[in-house]
Structures are given as C-alpha cells and as structure tokens.
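As structure tokens, the structure follows; a few thoughts come after it.
The values are calculated or read from the model by the stated rules, or taken from the named source; none is laboratory data. This structure is a prediction, so every number in the text was calculated from the model and none was measured. Backbone-built Cβ (ideal geometry, glycine too); neighbour counts: all protein chains shown. Accessible surface areas use protein heavy atoms only, side chains included; no ligands, DNA or RNA. Shrake-Rupley method; radii C 1.70, N 1.55, O 1.52, S 1.80 Å.
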Amino acid sequence: MKNYKIAVLAGDGIGEEIMAEAIKILKLVEERNDVSFELMSGEFGASAWFNTGHSFPEETKKICDQADAILKGTIGLSHEESKKIPVDELPERGALLPMRRRYDTFANFRPVYLPASLAHFSPLKPEIIGDGIDIIIIRELVGGLYFGEKETGVNEQGLRYAREMLEYDENQIRRIVEIGFQTAMKRKQVLHSIHKSNVLKSSVLWTDIVGEVSEDYPDVEVVHVLVDAAATYLCLNPGQFDVMVMENLFGDILSDQAGGILGSLGLMPSACVGPEKSYYEPSHGSAPDIAGKNIANPYSMIGSVAMMLEMSFGMDEEAKNLWKAMQSVFAAGYSTPDLSKPGVDVTMVSTQEFGDRVSEFLISQ
Ligand code: IPM
Ligand code: MN
C-alpha cells in the first residue's frame, strides 16, 4: 500500500470549514483505494501569527518539509483586522510568498472549467459560453514583480516613492514556458502565450524564449496575445483559449478575471508545482465576511484535492471521479448560498452538506 504524508494548513477565514470537507474526501479516497494518507496539521496565516507571532512558523515549515504534498486552505484577514499585524508579517507576504519561495513552486496551474452543470453561475451570455469553458491558466509563480528587489523612501524632490524590480532570466522563463508546451501537448496542441512585449523588455525576452522552445514542439500552435487584449477576449470569446501561459502578475490578474467569467472564485482550485514539492490551494481568499457560517462552497478546496491526487500521487482515475462527483452535485441542482444566484432554481445546502453530496456521488461511481 502506498502511504503519503500530507501537510494540512487550513489557514484563516473559511479555510477551516472547507478544509474539513477536503479531509472528509481524503478519508473516503483512502477507503476506496490501496492508499493511506498521513495528515499533519500546521498553523499558517494570520491565525498562526496571532498564536505564535509568525505567520509561517518553524514548526509548520518542518511539517511541510517532511510532507509529500501540501494542502493549503485560505489565508488573510479583513481590511480592518489586517491593521493588527505588521505589514511584512501579513499572511500574504509573511507566509504565502515565503512558502512559494521555499519550495520553488514556479508552475501554478489554474483550471478555468465551466461545464454545463455550472453554466448558470456565469455572468456570460449562453451564446458566448457555447459548449462550456475549459482553459488551463499556467502562471509563473516565483518570479517577476512579486519577488523583485523593493525599495521605498523619499526622493530628491522630497516625494515619497516606491520602486520594485521586474526581472526574469531566461531559465526562469524557459522552465515555465516548457510546462506550457507540455500541457498543450496533452490537450489541444494550442498554446496562448500572454505578454506585453509592446512595452516591457521582460516580455520581449519571454516571447523570444517562447519562439526557441517552440522548436522542440513543432506540433503545438503558438498564439501570441497581449495581456490587455487577452483580458477582453476572455470575456468576449473564452472558447478560443485552451492553455494560456504567462508571468506572475499577469497570471494573478487574468486568473481572477477567469474566476469572474465562471461566476465565482469559489470555483477555482489550483496546483503550485515545484521541482520537489507541490502545494495545492484554492485561488481565492479567506472570505472573512462569511467565515464560520457553513455557507462557503468547498469546490475549490476539493478540486485542489483532485489536483493533488493526480499531480502528486498519480491517482488520475480517482481524480477524474472526484471532478465528476462535484459536477454531479451541481447538476443535481445543489448549491451553497455563497454561489447561487437569485432566480436560479437550486436546493441550497451548507458547506458540510455539499461535501456529503460529493462523497455520495463519489461512492456511487
Ligand atoms: C493568488 C493570491 C496571492 C497572489 C496573494 C494572496 C498574495 O491573490 O494566489 O492569486 O497574489 O499570488
Ligand atoms: Mn490572486
């Protein structure tokens, strides 16, 4: 029997309640397969800061170091609460970015998936959605402006200024672009390279590298799109995209927009893949306004479990079953109050009940 160690970092806000559903699913996966999971919980995020004075405590680092994969919930506080924590210790800068750097999780996969069972959540017109949306956004996750040198001060004119560096070397670009091509090979052999080469030198280098790497993938058609135009096309004709690859900040912004065309960031799981370790997380924040109410949809958290099963543990079939089970829950007319739109005929269930329905559909397969 295979045994995997999973670091479980529930985090802040709705993290705890959606993670509980993910764990429920993991237990069920254990029962159905020749596999066992050792779950090791760690504190992470603002709650960790309040409890230990660190948002990514040493103890948690040790747990993550030992784990085969990391399952992370959500982090962050409301604007008001955030003021209680020093700026550099806030969970985004103090925990999440250090985690990405520690494990060099450079390849961030964000599926943007809208099958018929979810179509009513989208703000797009049915004729734009067509047969549904099925895109993978691949975002570089450990470079660019996020990790460049930063400086703040007062300049010679006495004005406060901030300066941050956008820097990529060719290796950093090549490794993410290669992931883009490999992913395109497994899908429709079309790769959209997103950049801003009419202004940014980093995008000129990016585009050069895309050209070089494309020689190794003659079967993949490359489509170059400026990032601002890509934002428009995502709304007007998302069906033209299959695999999109881009640098860190562009990926941050376009993936949230993609969540918008699905109707909610709650439908956006993700995988953050490094050379040795990967972690899995919803693409959204901790939604402090609805935390503890048992109304947050666990789709993005359970979807992250599906991605972990496939990408870290090679359990492709079970991952597919899990996706299918989640779609079936929506297709059967269930939703949670955070997602459903007024006027849509749905049976409203709680976070827990949604997880139960997913379990039932999984068992029935
Ligand atoms: C995301 C988030 C993070 C990011 C924040 C929380 C730092 O928005 O994963 O997209 O900007 O990368
Ligand atoms: Mn983001």
- If a/c stays under 1.5 just call it rounded; otherwise compare a/b with b/c (prolate if a/b is bigger, oblate if not). Do that for segment 109-273, with a ≥ b ≥ c from the square roots of the Cα gyration tensor eigenvalues. oblate
- Mind checking the per residue accessible area of segment 109-273 for me, 1.4 Å probe, whole number of Å²? 47
- Query: Of Lys125/Lys341; Lys61/Lys320; Lys24/Lys320; Lys27/Lys72, which sit over 21 Å apart, Cα to Cα?
  - Reply: Lys61/Lys320
- Query: Given the protein chains as shown and a 1.4 Å probe, how many square angstrom of Val227 are accessible, to the nearest 10?
  - Reply: 20
- Contact order normalised by residue count of segment 109-273, Cα under 8 Å, 6+ apart, percent: 36
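Using a simple charge model, +1 on the beta-carbon of Lys and Arg, -1 on the beta-carbon of Asp and Glu, nothing else, what dipole does the chain show about its Cα centre, in debye to the nearest 20?
Approximately 360 debye in magnitude.
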- Query: Sorting Glu21, Glu156 by accessible area (1.4 Å probe), largest first, what list results?
  - Reply: Glu156, Glu21
- Point-to-point label distance, Ala116-Arg163, nm (Cα→Cβ direction, 7 Å offset): 5.8
- Item | Extension gain (nm, one decimal) between Asn33 and Lys150, 0.36 nm per residue minus Cα-Cα | 37.3 nm
- Message: Within the chain, what whole-number % of the accessible surface is contributed by carbon and sulfur, with the 1.4 Å probe and all protein chains included in the calculation?
- Response: 50
- Message: Let's test the formula: R0 of 30 Å, r as the Cβ-Cβ distance of Asp88 and Glu276. What FRET efficiency results, to the nearest 0.05?
- Response: 0.65
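How high is the FRET efficiency from Met1 to Glu59, r the C-beta distance, R0 35 Å, rounded to 0.05?
My answer for the efficiency is 0.80.
For segment 183-242, run through the GluC sites (Glu not before Pro) and keep only the ones in DSSP coil with at most 14 other Cβ atoms within 10 Å of their Cβ. Walk me through the intermediate numbers first.
On the way: sites: Glu212, Glu215, Glu221; in loops: Glu215.
Sparse-neighbourhood loop GluC sites (Glu not before Pro): Glu215.
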